[in-house]
Amino acid sequence: MNLHVTDSGAGVPVVWIHGFPLASEMFRPQLAIQGVRHLMPDLPGFGRTRAAERELSMDDYARFVLAELDRRGIERATFAGMSMGGYVCFAAARLAPERIAGFILIDTRETADTEEARKGRYETIEKVRREGLGPIVDSMLPKMLTRNASPEMVDEVREIMESTSPAGAIAALGAMATRPDSTPLLPSLDIRTLIITGADDPITPPADAKRMAAAIPNAKAVILDDAAHLSNYQQPEAFNRAAFLWLTG
């Protein structure tokens, strides 16, 4: 299936893969990074891309993204993934490592779900089927931003989250629940990697970033102060500065 993709700017290609339950709009602040061709897909069922009519795996999401690069004649790109988008990055590295020029891993982790977390995903799927997306948005929004985020920013993030369809959320929850452990992949990553996370991220805390940075041969970790799970959105200037210096370094 075709994804809706924002394709903006000129320079080195970076494909920005959003988290859950978000959409490519979460990366709007990153359009300010110069010297980059920004490719920002909405995954199936998120933002402006229709939901798939079947169950999906992380490999499926990665194949959708790779197909969009094919349509644009892009052989290699830096893959930048936030949270679930990071899981898609790891899937792409297993499927087509030759297509990846580098990684920017944002508020994510390499490990698979614990049994407890997996059970929680399936319980959430049933809740979405009964009640729609509202409970997910209400439970996850406080984890996206720190308490001192402006009301305007909170409203913006809520709007992005509410662009997710129930079918898209259900498919993604299933894919996250069944994703493999990417820990064995990290030492074999022969690419430059930047890992960015919010200092106050309650979902993927700085310890996750530091652990991945220690396992990947050519990795650097950056911790952004006064940011939670959506660090690129809450601290765009600091995030963009770190990304630009790494991309041009």
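The values are calculated or read from the model by the stated rules, or taken from the named source; none is laboratory data. Note that the coordinates shown come from a computational prediction; the quantities given were computed from them, not determined experimentally. Quick reminder, even Gly has a Cβ in these numbers, built from the backbone with ideal geometry, and neighbours come from all protein chains shown. In case anyone asks, the SASA skips ligands and DNA or RNA and just uses the protein heavy atoms, side chains included. Shrake-Rupley method; radii C 1.70, N 1.55, O 1.52, S 1.80 Å.
Using Cα-only point scatterers and the Debye equation, what is log10 of I(q)/I(0) for the stretch 45-96 at each q in 0.15, 0.18, 0.20, 0.28 Å⁻¹, rounded to two decimals?
So the normalised log intensities work out to -0.42, -0.61, -0.75, -1.26.
Which value, in nm² and rounded to one decimal, describes the direction-averaged projected area of the C-alpha convex hull of the stretch 79-211? Intermediate values should be presented prior to the final figure.
Details: hull surface 34.7 nm².
Averaged projected area of the stretch 79-211's Cα convex hull equals 8.7 nm².
Could you give me the radius of gyration and the Dmax of the stretch 201-249, taking only the C-alpha atoms into account and expressing both in angstrom?
11.3, 30
Kindly write out, for the stretch 106-117 in residue order, the coupling ³J(HN,Hα) from the Karplus curve 6.51 cos²θ - 1.76 cosθ + 1.60 (θ = phi - 60°), rounded to whole Hz, with x marking Gly and Pro.
My calculation for the stretch 106-117 gives 10, 6, 9, 8, 8, 7, 6, 5, 6, 4, 5, 5 Hz in order.
Using a 1.4 Å probe and ignoring any ligands, DNA or RNA, find the accessible area of Ile223 and quote it in Å² to the nearest 10.
The accessible area comes out at roughly 60 Å².
May I ask you to list the residues of the stretch 73-93 whose amide nitrogen lies under 11 Å from a point 7 Å from Cα along the Cα→beta-carbon direction of Asp7?
In the stretch 73-93, the label zone of Asp7 (backbone N under 11 Å from the point 7 Å along Cα→Cβ) covers 73-74.
Expressed in nm², what is the orientationally averaged projection area of the convex hull enclosing the Cα positions of the stretch 33-151? Don't skip to the answer; put the middle values down first.
Working: hull surface 39.1 nm².
Computing the convex hull of the Cα atoms and averaging its projections yields 9.8 nm².
Could you look at the chain and say what percent of its accessible area is carbon and sulfur, using a 1.4 Å probe and all protein chains?
Details: 5360 of 10620 Å².
Looking at the chain in its full context, I get 50 percent from C and S.
Would you mind checking the radius of gyration and Dmax of the stretch 125-200 based on alpha-carbon positions, in Å?
Expressed in Å, the Cα Rg and Dmax of the stretch 125-200 come to 16.2, 45.
Mind putting a number on the dipole of the chain about its Cα centre? Charges go on the C-beta only, +1 for Lys and Arg and -1 for Asp and Glu, and I need it in Debye to the nearest 20. Spell out each step's value before the answer.
Working: 27 positive and 33 negative charges, 99 e Å.
So the magnitude is around 480 debye.
Stick to Cα atoms and the Kirkwood definition of Rh, then tell me Rg/Rh for the stretch 102-159. If you can, show how the numbers build up before the last one.
Values: Rg = 14.4 Å, Rh = 13.8 Å.
When Rh is taken as the Kirkwood radius, the ratio is 1.05.
Given a cut-off of under 8 Å on Cα pairs at least six residues apart, what relative contact order in percent is computed for the stretch 72-174? Before the final figure, lay out the partial values.
Working: 87 pairs, mean separation 24.8, N = 103.
Answer for the stretch 72-174 is 24 percent.
Report the extension gain between Glu75 and Glu98 in nm, rounded to one decimal, defined as 0.36 nm multiplied by the number of residues separating them, less their alpha carbon distance. It would help to have the intermediate numbers written out before the result.
On the way: separation 23, 0.36 × 23 = 8.28 nm, distance 0.85 nm.
Here the answer is 7.4 nm.
Restricting to Cα pairs below 8 Å that are 6+ residues apart, what does the relative contact order work out to for the chain? Please round to a whole percent. Write down the numbers at each step before the final one.
Working: 511 pairs, mean separation 54.9, N = 249.
Here the relative contact order equals 22 percent.
Explain nothing, just the number: relative contact order of the stretch 15-143, from Cα pairs under 8 Å at least 6 residues apart, as a whole percent. Please list the in-between numbers first.
On the way: 151 pairs, mean separation 29.0, N = 129.
RCO, the stretch 15-143: 22 percent.
Strictly greater than 22 Å: what percent of every Cα pair in the chain meets that?
Numbers: 15140 of 30876 pairs.
Tail of the P(r) past 22 Å holds 49 percent of the pairs.
Quick one: which residues, 5 or more positions from Gly198 or on another chain, have an amide H under 5 Å from its amide H? H modelled 1.01 Å from N in the peptide plane, none for Pro or chain starts.
Placed amide hydrogens put Asp107, Leu224, Ser231 under 5 Å from Gly198.
Positive end of the dipole of the chain, charges at C-beta (+1 Lys, Arg; -1 Asp, Glu), about the Cα centre: which of Ile170, Ala243, Ala91 has its Cα farthest in that direction?
The Cα lying farthest towards the positive end belongs to Ala91.
Leaving ligands, DNA and RNA out of it, work out the accessible area of Glu162 with a 1.4 Å probe and give it in Å² to the nearest 10.
About 110 Å², rounded to the nearest 10.
So for each of 10-16, 177-183 I average, over its residues, the number of other beta carbons within 10 Å; can you give me the resulting order with the highest mean first?
Numbers: 10-16: 19.4, 177-183: 16.9.
Packing order, densest peptide first, comes out as 10-16, 177-183.
Over the stretch 149-249, one equal point on each Cα, no solvent: what is log10 I(q)/I(0) by the Debye formula at q = 0.13, 0.16, 0.23 Å⁻¹?
Log10 I(q)/I(0), no solvent term: -0.62, -0.91, -1.22.
When the expected Rg is taken as 2.2 N^0.38 Å, what fraction or multiple of it is the alpha-carbon Rg of the stretch 178-228?
Numbers: Rg = 11.6 Å, N = 51, 2.2 N^0.38 = 9.8 Å.
Normalised by 2.2 N^0.38 Å, the Cα Rg of the stretch 178-228 equals 1.18.
When all C-alpha to C-alpha distances in the stretch 1-80 are sorted into bins of 5 Å, what percent of pairs does each bin hold, rounded to whole numbers?
Histogramming the stretch 1-80 at 5 Å steps yields 3, 15, 29, 26, 17, 7, 2, 1 percent.
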